[in-house]
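No lab work stands behind these numbers, since they all come straight from the coordinates. What you are looking at is a predicted structure, and each value in this text was computed from that prediction instead of being measured. Here the Cβ is made from the backbone with ideal geometry for all residues, glycine too, and neighbour counts use every protein chain on show.
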Amino acid sequence: MWQSFNRYVARLIQAVIIGISALLLFYLSVQLLRLQAYMPLTRLEDMIFIRQQPSVLIEVGIGLLLLVALAPLLKKIPPHHLFLGCALLYLLAGYGLISHVDSVIRADAKRVFEAALAMNQGDFSSLTKQGAYLYLHPHQLGLVTLERFYLLFSSSPRFIFGVNLILVLATLRLQAAICHKLYHKGLVTNYLILLSFAFLPQFFFILFAYGAIPGAFLIVLATYFFLKDQQSHRLTWAILGILMAVFAGIVRNNYQIFLIVLLILWLMAYGKTLSKRYLKLPLALLVSFFLLSKLLTFSYEMAIGQPLSPGVPKLAYVTMGLQEDPKGAVGGWWNTYNTNLLKKVGYDQTLAKEKTQTDLKQALGRLSSDAGYASKFFRDKIHSTWLDPTFQSIWTGPLAARGQYTHTSLLKSIYEEGTGYAMLNRLGGVWLWLVYSLAAVYWLCRSRQTAGRVLRLFEYLPFLFFIGGVLFHLIWETKSQYVPVYVSLLTQPAAYSLGHIAERLMRKVKKIGSLSTVVG
């Protein structure tokens, strides 16, 4: 009875993951044919929506046909050769990018960098001074600690840019290895390599010294270790996977969604197998995260000789995520609410929590009292987060409007909103449609192969992680720069769907050719 119930729960979770992710991806694919989110390269952080031209159908059709037409060639190329060639070009392009931009960083990335630099010189005032960045946002200590490590080697942001470049290449290599372990198909792995290298926001984010790339690398590395653990059941791989997942959640707090995803996947596995191993892994993950988080907090409390500031109440991020922007920008984005909250109440935590709760009730009251307003609010929030082909990767880089400059005509065309930026948006829109739509049909392509097989946990991971990202940023503060990690993992199922479609077409073409020969 208990076993049957557990299997029912596991099947139910699977069905929910497949159903919700397919609906979300299909919705985004359809919306991309109607409109596109576009970020002007101005001082203000705002998103506008541009109606798609009818030619977008031709563009996505050409993109799909070109990829399918490459299948016969890709089947002949060993994946490691294709990866090596792409990586070499990527490395040269990355070096060129880093060499021809100002090494100035701004906003939160600058504040984290400056706090890390000061701490390495013995100054921890950013943790104790009212209104200082880490006094307001102590949850950033994981990222600060990472940058303190970087600063042991160099005090230039260019060093972080270089590390980011290497980590992106390492991430892409791990994604290819994961794809090969899951499917054992050279064509699918080669499609994964092409799609992942063509995800240009990941390339331009090497200039964003804010932990997104290291966090994404740790997530993919943890996935690789857990996949090896699932295949071999060796404790070493499980321990390494848990550590990498915990580090990812500490470096980038938003990536704690990945930890929740792992807990759900292990619950599914327990329901299918009733193996106690899938009860021990979640316990080990939770204990490890708790202990390492407490160790990090304790070490900084020892350094300053007092408890850390509680910082901005976490509920403030929900309040801000459900508010209209007072300046008329897209609602639910950062609007200075959480930054100014404590200052307005004299840094009184009790008053800050009360004000946050009051403001949240007002935001919820407005949403619940007007269905039309609520529909538009959440629709615009989703579109601004998930339909931006650049994911703010250019806006977060050297922005001329904020005194950061580039030094080649090509980079000026990109970073000063010229033809290069327009092309990135156009090509990025085609890439995004391909990945969303191909990932949406994954389970249709995979249904026969999955029938009767032992559960393969990490086929579900990209979809569940994506659902988690959508739900989280639907309620929490959002920005399109927060979500590339969820999109990049969707290249795995998209590559499989593309390979499946290409192989079916090749078989049909071969069959037609054989029939023509017989008839002739």
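Key figures
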| read-out | value |
| --- | --- |
| Order of Thr42, Thr189, Thr171 under a 10 Å beta carbon neighbour criterion, fewest first | Thr42, Thr171, Thr189 |
| Spacing of the two label points (7 Å from each Cα toward its C-beta) at Glu59 and Leu410, in nm | 2.1 nm |
| For the stretch 118-153 versus the stretch 161-196, the gap between their alpha-carbon centres in whole angstrom | 33 Å |
| ³J(HN,Hα) computed for each position of the stretch 83-97 - Karplus, 6.51 cos²θ - 1.76 cosθ + 1.60, integer Hz, glycine/proline x | 4, 4, x, 5, 5, 5, 5, 5, 5, 5, 5, x, 4, x, 5 |
| The stretch 327-363: chymotrypsin sites (Phe, Trp or Tyr not before Pro) in DSSP coil with no more than 15 other Cβ atoms inside 10 Å | Tyr347 |
| The stretch 420-442 and the stretch 341-397: distance between their alpha carbon centers, rounded to Å | 27 Å |
| Which of Thr336, His473, Ile160, positive extreme of dipole for the chain (C-beta unit charges) | His473 |
| Part-to-part distance (alpha-carbon centres) for the stretch 260-282 and the stretch 198-214, which is given in Å | 32 Å |
| Using alpha-carbon coordinates, inclination of helix 107-120 to the longest axis of the chain, degrees | 70 degrees |
| At q = 0.09, 0.20 Å⁻¹, base-10 log of I(q)/I(0) for the stretch 253-396 (Debye sum, equal scatterers on each alpha carbon) | -0.48, -1.15 |
| Angle in degrees between helix 457-475 and the longest Cα principal axis of the chain, rounded to the nearest 10 | 40 degrees |
| Whether the stretch 16-107 is rounded, prolate or oblate, judged on the alpha carbon gyration tensor where a/c under 1.5 counts as rounded | oblate |
| Net length gained if the chain between Leu33 and Val16 were fully extended (0.36 nm per residue, minus Cα distance) | 3.5 nm |
| Computed magnitude of the charge dipole of the stretch 222-361 (debye, nearest 20; Cβ of K, R +1, Cβ of D, E -1) | 460 debye |
| Inter-probe distance in nm under a simple model that places probes 7 Å from Cα toward Cβ, at Val9 and Leu471 | 1.6 nm |
| Extension gain, Asp348 back to His139 (0.36 nm per residue minus Cα-Cα distance, nm) | 73.4 nm |
| Those aspartates and glutamates that a straight Cα-Cα span of less than 18 Å connects to Lys75, excepting residues fewer than 8 apart in one chain | Glu503 |
| Degrees, to the nearest 10: 212-232 long Cα axis against longest axis of the chain | 50 degrees |
| Extension reserve of the Ser275-Ser232 stretch, reckoned as 0.36 nm per residue once the Cα distance is removed | 14.0 nm |
| From the C-alpha gyration tensor of the stretch 109-206, square roots of 5λ in Å | 37, 13, 11 |
| The chain, helix-only ellipticity at 222 nm - DSSP H runs n ≥ 4, -39,500 (n - 2.57), divided by all residues, nearest 500 | -23500 deg cm²/dmol |
| Amide H within-cut-off set for Trp333, under 5 Å, with H built and near neighbours excluded | Thr478 |
| Point-to-point label distance, Ala401-Ala371, nm (Cα→Cβ direction, 7 Å offset) | 3.8 nm |
